[in-house]
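What follows is a short report on a single structure.
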Amino acid sequence: MLAMGRLATALVATLWLVTHAHADDWPGRPVKIVVAFAPGGSADQFGRLMGVELSSAFKQQFVVENRPGNSGTIGSAQVARADNDGYTLLIGGSGPHLTQPAINPNIGYDPLKDFTHIAMIGADSYAWAANPALGVKSIAELIALAKARKDPITSSSPGPGSLGHLLIEQFKRKAGIDIQHVPAPNSGVTDVLGNHISMTLTAMMTVGEQVKAGQLMALAVTSTERNPVFKGIPTFGEQGYPDVHGDTWFWLCGPRNLPPDVVAKLSTATRRIVKSPKIQEYFQKLALLSKDLDVAGVQDFIAEEYAFWAPLAKNAGLRVQ
């Protein structure tokens with residue numbers, strides 16, 4: 001028995017040494033950053049920004065891989081099931097982690113238990129942008145048009161159950177109008193530009209250039225204050241709907257039980273990157289938000305956000321079967 005005990009102790013010690021050496025050696029090969037949305041959107045842009053900066057910080061490739069589908073849940077579920085060795089990471093976001101789990105009982109993961117949430121990256125406010133052919137320039141004009149039309153105005157979002165979809169449902173109930181949500185790739189921006197869908201409620205980063213160019217008319221932003229880069233666009237609150245607000249946050253995460261040393265390295269590097277003058281200037285130019293939190297703070301923030309948005313998603317009647 002004594003020999004068996006010594007053998008067990010030796011095996012545990014060996015396992016600890018192997019794991020510790022693995023963490024110290026990380027990253028010894030390219031790291032994959034999964035973006036659970038199509039190229040071009042906010043999640044993709046944040047992912048590619050972090051891919052470049054983390055590659056520089058660790059002198060190793062951090063490669064972005066887009067795995068879009070089902071409002072970000074397909075790629076998120078794949079990462080939840082990935083090896084927890086630190087070589088598969090995910091750009092977490094409000095849709096797949098905060099609203100989707102509240103409306104989809106078959107999502108395939110728990111947004112809090114099945115991931116290691118590592119570091120905040122940034123947030124983008126949403127804007128409701130319409131094709132100019134719709135002929136409205138304000139929320140009041142939108143409501144008047146919706147009430148006068150027999151057929152509902154159409155609006156896309158980043159996907160069914162996304163923050164944009166939830167805000168559409170909130171607004172139309174409060175305004176007493178009918179707006180038909182239409183799922184479309186990349187928030188339906190191409191379809192709105194082609195006037196196949198009338199509007200899209202999506203991240204400002206996704207539609208900002210089209211708004212600047214006059215290709216889309218932004219009726220409102222979802223932040224509680226005006227966007228400093230788009231000062232001419234009023235908030236929903238200014239137009240009589242203070243309860244219609246929200247920002248879409250993005251953060252770095254991976255499968256649950258990532259090695260603590262890997263988490264510490266990624267947290268320290270990401271926080272340093274986001275706080276750097278270069279990235280802060282980039283964020284200010286695009287009016288993006290940032291939040292500096294340690295690992296425990298990130299976990300708490302996401303849990304608090306989920307506790308806020310999940311009941312709203314359920315109360316909005318959103319349900320994916």
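To check you understand DSSP bridge types, tell me what percent of the beta bridges within the chain (both residues inside) are antiparallel, rounded to 5. Antiparallel: roughly 60 percent of the beta bridges in the chain. Placing R0 at 41 angstrom, the Cβ-Cβ distance between LYS285 and LYS150 gives a FRET efficiency of 0.40 after rounding to 0.05.
Note on the range 124-266: dipole from Cβ charges, positive end direction compared against PRO185, ALA203, ALA175; the farthest Cα belongs to ALA175. Let a ≥ b ≥ c be the square roots of the eigenvalues of the Cα gyration tensor of the range 214-315; is it rounded (a/c under 1.5), or, if not, prolate (a/b larger than b/c) or oblate? Because a/c hits 1.5 or more and a/b fails to exceed b/c, the range 214-315 counts as oblate. Along the range 40-48 the Karplus relation, 6.51 cos²θ - 1.76 cosθ + 1.60 evaluated at θ = phi - 60°, assigns HN-Hα couplings of x, x, 4, 4, 5, 5, 5, x, 6 Hz to successive residues, with x for each Gly and Pro.
Residues in the range 170-177 carry Karplus couplings, in order, of 4, 5, 5, 6, 5, 8, x, 10 Hz; the curve used is 6.51 cos²θ - 1.76 cosθ + 1.60 with θ = phi - 60°, and Gly or Pro positions show x.
Residues whose amide H falls under 5 Å from that of GLY159, counting only those 5 or more places apart or on a different chain, are HIS165, with hydrogens built in the peptide plane.
Extending 7 Å from the Cα toward the beta-carbon at both LYS231 and ASP300 defines two label points whose distance is 3.6 nm.
Here's how it looks for GLY40: its modeled amide H is under 5 Å from those of GLN45, which are all 5 or more places away or on a different chain. When the Cα gyration tensor is reduced to axis lengths a ≥ b ≥ c, the ratio a/c stays below 1.5 for the range 115-240, which is therefore classed as rounded.
The label point for ALA140 and the one for ASN257, both projected 7 Å from the Cα toward the Cβ, are 5.9 nm apart. Within the chain, which is the longest segment that contains none of the trypsin sites (Lys or Arg not before Pro) sitting in a DSSP loop with at most 13 other Cβ atoms within 10 Å? That gives 232-318 as the longest site-free run. Quick check: the distance between the Cα centres of the range 58-84 and the range 250-321, to the nearest angstrom? So the separation of the two Cα centres works out to 15 Å. Remark on VAL34: its backbone amide H falls under 5 Å from those of GLU65, LEU89, LEU90, ILE91, a criterion applied only to residues 5 or more positions apart or on other chains, H modelled at 1.01 Å from N. Listed by chain and number, the aspartates and glutamates whose C-alpha is less than 20 Å from the C-alpha of LYS113, apart from same-chain residues fewer than 8 away, are ASP83, ASP85, ASP261, ASP294, ASP300, GLU304, GLU305. Each residue of the range 284-295 was assigned a 3J(HN,Hα) from its phi angle through the Karplus expression (A = 6.51, B = -1.76, C = 1.60, θ = phi - 60°), giving 5, 4, 9, 6, 8, 9, 9, 8, 9, 9, 6, 4 Hz with x at Gly and Pro. Based on protein heavy atoms only, the chain ends up with 45 Å² per residue of surface accessible to a 1.4 Å probe.
Length available on full extension from ASN315 to ASN84: 0.36 nm per residue minus the Cα-Cα distance, which gives 79.7 nm.
The values are calculated or read from the model by the stated rules, or taken from the named source; none is laboratory data. Note that the structure is a prediction, hence the values are computed from the model and not measured. Counting neighbours? That spans all protein chains shown, and the Cβs are built from the backbone with ideal geometry, glycine included. Heads up: the accessible areas ignore ligands, DNA and RNA and are worked out on the full protein's heavy atoms, side chains in. Shrake-Rupley method; radii C 1.70, N 1.55, O 1.52, S 1.80 Å.
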